[in-house]
Amino acid sequence: MVCLRDPLVQKVCELYDQISNLDNLSPSKDVDTLFTQLVATCIPPHPIDVTKLCTKIKRIRHNLIRLCGQAEGLLEQHYAALLASFDNPLDHLHLFPYYSNYLKLSRLEFDLLSQHCSSPARIAFVGSGPLPLTSIVLASHHLTSTVFHNYDIDASVNSMAMKLVESHPDLSKRMEFHTTDIMNVSAAALKDYDVVFLAALVGMDIEEKIHVIKHLAKHMAPGAILMLRSAHGARAFLYPVVESHHLQGFEVLTVYHPTDEVINSVVVARKCPKLVHSVVHQGFGPLSKCGEIEGFEFNPLSQMNMVVIEDHLC
């Protein structure tokens, strides 16, 4: 197969073999080195289309995403425990090795969200984990009056997350934590959120993620915003890819692919109102009906790239 001769694929396979043979994925010199090499391999722009990989490499990619998810969870637990040992944990967030990436990603997501929802009162973050940095950064720096509801299925990681904010005079009042499977959260709760963030590793294969997206489409309020993290190019070896056709029940408003050290792409979508409106990309006219449009590029620095024919603001 052609993909097996690609130097990038060969390197990813080599690293996958080494990672899959590790005794455990808890932070250590070997684990850190291998995942650093993997990320460095996948960050540079590459024209690879992961949907066209051969069966063997698709299977390796599927397994690798799950290994990355496990390692990321263990890394966050390690640093959540470390931060909780301080009297004021949030004063020491810089100790987390990827904190600067979260600052950049959160700024990007805030800028994109602001194009469509100027002042959300309540945000849900699904899959917040033991170190809910997105919620913390957004609440601290960008959305300073918004209430954040963090959802995670694991009671132990929620307990770790709560310890990080309980001593903070402001965030302790604006952050709530719910231990539950989002699939058990109905419209009674979801309809109250202006924005729902879906973490990249909620649904570590696309079938699982689509299942969650369908649930959100059913229960979110019409006009509410869904923020998703995806991946593009070789970065799709690290995270699942969300395409526009996976978002039935939503209007895709923005798809943005970073080219720097921020790994995740960002997708912004709006829950369809009862009356379907068109989305117009300047120069191309209406793309399609709600839930069927194709993804398109958007430059957050230029508001002329997109016109949305719907006046529904938070």
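Site pair residue 51 and residue 5 shows an inter-label distance of 2.5 nm when each label is modelled 7 Å from Cα along Cα→Cβ. Subtracting the Cα-Cα distance of residue 166 and residue 21 from their residue separation scaled by 0.36 nm leaves 48.3 nm.
Taking the accessible area of region 85-230, probe 1.4 Å, and keeping the other protein chains in place, the carbon and sulfur fraction comes to 53%.
Among the protein heavy atoms, those of residue 114 account for about 50 Å² of accessible surface (1.4 Å probe, every chain in place). Would you mind classifying region 114-244 by shape? Square roots of the alpha carbon gyration tensor eigenvalues, ordered a ≥ b ≥ c; an a/c under 1.5 is rounded, otherwise it is prolate if a/b is larger than b/c and oblate if not. In terms of gyration-tensor shape, rounded. Over region 25-157, accessible surface divided per residue gives 44 Å², non-protein components excluded, 1.4 Å probe. Apolar share of the accessible surface for region 34-78: 58 percent from carbon plus sulfur atoms, 1.4 Å probe.
Pairs 214/271; 58/209; 11/56; 191/271; 29/58: which exceed 20 Å Cα-Cα? Over 20 Å apart, Cα to Cα: 29/58.
The stretch between residue 32 and residue 145, if pulled fully straight at 0.36 nm per residue, gains 37.0 nm over its current Cα-Cα span.
The values are calculated or read from the model by the stated rules, or taken from the named source; none is laboratory data. Given the structure is predicted, the values throughout are model-derived calculations rather than measurements. No Cβ is skipped: glycine too gets one built from the backbone with ideal geometry, and neighbour counts run over all protein chains shown. What goes into the accessible areas is simple: the full protein's heavy atoms, side chains included, and nothing from ligands, DNA or RNA. Shrake-Rupley method; radii C 1.70, N 1.55, O 1.52, S 1.80 Å.
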